[in-house]
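S.K.: The structure follows.
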Amino acid sequence: AYLIGAAREGQGQVVNLDIGRKIADLPLSGMPHLGSGITWQWQGRTVLATPNLKHGVVTVIDMQDWQVVKQIKTPGPGFFMRSHENTRYAWTDVFNGEVKDTLQLIDKQTLEIAARVTPSPGKTAAHVEFTRDGRYALVSVWDSDGALVVYDAATLREVKRLPMNKPSGKY
């Protein structure tokens, strides 16, 4: 029922498609990657979180009143963000930053970075997807000498590593 868009000038808008008009403005500086945004339940409300292609921040927005709940600082600009209903973490990368080899895991209830995962030091880690049941996180090491790395989504331990050349989406 809602369409969320952002302009490069630091302003976003929420359009209610049922009534056909804008219902809220969002302060979204830089360039949020809304297509990579995810939602989950937080304190009884649905929130939307989106990484930012220009700034080291993940913006968390309450989808009931369209207010920014929190700006979570990351070590650099990110591109991909994923989670699963059966995991406590939202996984986000630093695809466009200096620390691109390390994924930041945000606790979906505290809205804090709770853990970090570095699959291959010095190589870009990105494109996290989950198995259907959410038990495993599938991480791409985006390099010509890369890998698909499988993590236990609860313990964050590496389960398996499959060598690959710049693996991207896993569906």
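S.K.: For D133 and K54, FRET efficiency with R0 = 35 Å and r from the beta-carbon atoms, rounded to 0.05? Please report the intermediate quantities before stating the final value.
M.R.: Working: r = 35 Å, r/R0 = 1.00.
For K54 and D133, the calculated efficiency is 0.50.
S.K.: Between the alpha-carbon centers of the stretch 30-105 and the stretch 133-167, tell me the distance in whole angstrom.
M.R.: 20
S.K.: Compute the Rg/Rh shape ratio of the stretch 132-171: radius of gyration over Kirkwood radius, all on alpha-carbon atoms.
M.R.: 0.99
S.K.: Once amide H atoms are built 1.01 Å from N in the peptide plane, which residues 5 or more positions from A125, or in another chain, come under 5 Å H to H?
M.R.: Those qualifying (amide H under 5 Å, at least 5 residues apart or on another chain) are D101, T102, W142.
S.K.: Multiply the residue separation of R45 and N86 by 0.36 nm, subtract the distance between their alpha-carbon atoms, and state the gained length in nm to one decimal.
M.R.: 13.0 nm
S.K.: Here is a follow-up. Go through the stretch 14-29 residue by residue and turn each phi into a ³J(HN,Hα) via Karplus (6.51, -1.76, 1.60, θ = phi - 60°); whole Hz please, and just put x for glycine and proline.
M.R.: 10, 10, 7, 6, 6, 9, x, 8, 5, 10, 7, 9, 10, x, 10, 6
S.K.: Suppose every Lys and Arg Cβ carries +1 and every Asp and Glu Cβ carries -1, with no other charges. What dipole size does the stretch 39-119 come out with about its Cα centre, to the nearest 20 debye?
M.R.: Charge dipole of the stretch 39-119: 40 debye, to the nearest 20.
S.K.: If you roll a 1.4 Å probe over the stretch 4-146 with all protein chains in place, what percent of the accessible area is carbon or sulfur?
M.R.: 46
S.K.: A follow-up question, please. I need the calculated FRET efficiency for the pair Q64 and S144, taking r as the beta carbon distance and R₀ as 41 Å, to the nearest 0.05. It would help to have the intermediate numbers written out before the result.
M.R.: Values: r = 45 Å, r/R0 = 1.10.
Calculated value: 0.35.
S.K.: Can you work out the FRET efficiency for the pair A7 and K73, with r the C-beta to C-beta distance and R0 = 22 Å, to the nearest 0.05?
M.R.: 0.45
S.K.: With a probe of 1.4 Å, find how much accessible area the chain has per residue, and write the answer as a whole number in Å².
M.R.: Heavy-atom accessible area per residue stands at 51 Å².
S.K.: Tell me which of A126, Y151, S140 sits at the most positive position along the dipole axis of the stretch 110-161, charges placed on C-beta atoms (Lys, Arg +1; Asp, Glu -1).
M.R.: Ranked along the dipole, the leading option is Y151.
S.K.: Say a site is exposed when it is one of the trypsin sites (Lys or Arg not before Pro), sits in a DSSP loop, and has at most 11 other Cβ atoms within 10 Å; what is then the longest site-free stretch of the chain? Each step should come with its number before you reach the end.
M.R.: On the way: sites that count: R8, R132, R157.
Excluding the exposed sites themselves, the longest stretch runs over 9-131.
S.K.: Can you give me the distance in nm between label points at N16 and T155, each placed 7 Å from the Cα along the Cα-to-Cβ direction?
M.R.: According to this spin-label approximation, the distance is 4.9 nm.
S.K.: Something else about it: Sort largest first and round to whole Å: the equivalent ellipsoid semi-axes of the stretch 1-96, each the square root of five times a Cα gyration tensor eigenvalue.
M.R.: Taking √(5λ) for each Cα gyration eigenvalue gives 21, 17, 11 Å.
The values are calculated or read from the model by the stated rules, or taken from the named source; none is laboratory data. As the structure is a prediction and not an experimental result, all values here were calculated from the model. Positions of Cβ are backbone-derived with ideal geometry, glycine not excepted, and every protein chain shown enters the neighbour counts. Ligands, DNA and RNA are stripped out before the accessible areas are found, and what is left, the full protein with its side chains, is counted by its heavy atoms. Shrake-Rupley method; radii C 1.70, N 1.55, O 1.52, S 1.80 Å.
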